[in-house]
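Heads up: the structure comes next, in C-alpha cells.
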Amino acid sequence: MIVTQAYRFALDPTERQVVALLRHAGAVRVAYNWALARVKANLSQREAERSYGVEDLTPAFGWSMYSLRKAWNQAKNDVAPWWAQCSKEAYATGLDQLATGLKNWSDSKKGRRKGRPVGFPRFKAKNKAVKSCRFTTGAIRLDGRTHVVLPVLGRIKTHESTRKLARRIEAGTARIKSATVRLDAGRWYVAFSVEVERPDAAPARPDAVIGVDLGVKTLAVFSDG
C-alpha cells in the first residue's frame, strides 16, 4: 500500500542561504501579484466593454495554471529581469497559488464548493505574506543525515537528523515527491511530501462474524459472539 506522508525538518541555513530563501519567497509573491493584476485588469476591461455595449470583447485572460505560466514566461524578462536568480519553481508556486485561489472563488460563487464562501484573491503584501516556496522538480534529496539539497538553493544543513526519512529512502520504501520551504516563527523549515510503501494491514480477526440488531430505542446493537 502506497501512502503520502509529510516529513518536516528545521533548517540551519547560512546567512547567504537565508538571503536566497527570502529571494525565492519574494519571487513567489512577485509572480502571484503580477498574475493577479493581469486577471483583474482583464476583468475590468471586459466589464467596461460590456457596459458600453461592445460585442467583440477583449479575450478573457486564462486562469488555469497552464495559461498563467505561459503568460508569465512571455513577460518575465520585463516584469522580473532578475528571474534567473531563483528556481522556476518559485514562480510556479505563486502562479499555482493564484490558479487555486481563483478556482476556489469561482466554484464557491457557483455553489460547487461546500463550506464558507471564498473571497476573490487579494494581493500579497511584502511584510504580511507567508514566506514559502514549493519545489516539485529538480534536485530534491537528502544528503546524509544532516543536510538537504534543493534546486538553486543547494545544500542546506538541517537542525535535526533526517534519519527517519533517510532510512526509508535507503530501504527503497519511500520516494520524495516535493519539498516546501517555509519561514515559521523566525525559523526556516523544509517539509517533504513523500510516497511511502507500507504493508497492507491484516485483519486482527479475519474469521469473526458480527450481527446487527436494529431497534427503536437503540439504533443498533452489535454482537460478535
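Assorted remarks:
- One decimal place: the segment Gln85-Glu55 gains 6.4 nm when fully extended, by the rule 0.36 nm per residue minus the C-alpha distance.
- Over the chain, relative contact order from alpha-carbon pairs under 8 Å, at least 6 apart, %: 28 percent
- Volume in Å³ per residue [convex hull over Cα atoms, computed for region 1-118]: 184 Å³
- Projected over all directions and averaged, the alpha-carbon convex hull of the chain occupies 21.4 nm².
- Sequence-distant lysines (8 or more away, or on other chains) whose Cα lies within less than 22 Å of Lys128: Lys40
- Label-point separation in nm, Met1 to Ala139, each point 7 Å along Cα→Cβ: 3.7 nm
- For the pair Glu160 and Val130, a Förster radius of 30 Å applied to the C-beta separation gives a FRET efficiency near 0.85, rounded to the nearest 0.05.
- Inverse mean reciprocal Cα-Cα distance (Kirkwood Rh) of region 109-158, Å: 14.8 Å
- When peptides 83-91, 34-42, 122-130 are ranked by their average number of other Cβ atoms within 10 Å per residue, the highest-first order is 83-91, 34-42, 122-130.
- Relative packing of 104-112, 92-100, 153-161, 45-53, which averages over residues the other C-beta atoms within 10 Å, highest first: 92-100, 153-161, 104-112, 45-53
Each value in this text was obtained by applying a stated rule to the coordinates, not by laboratory testing. Bear in mind that the values here come from a model prediction, so they are computed numbers and not experimental data. FYI the Cβ positions are ideal-geometry reconstructions off the backbone, even for glycines, and counts take in every protein chain you see.
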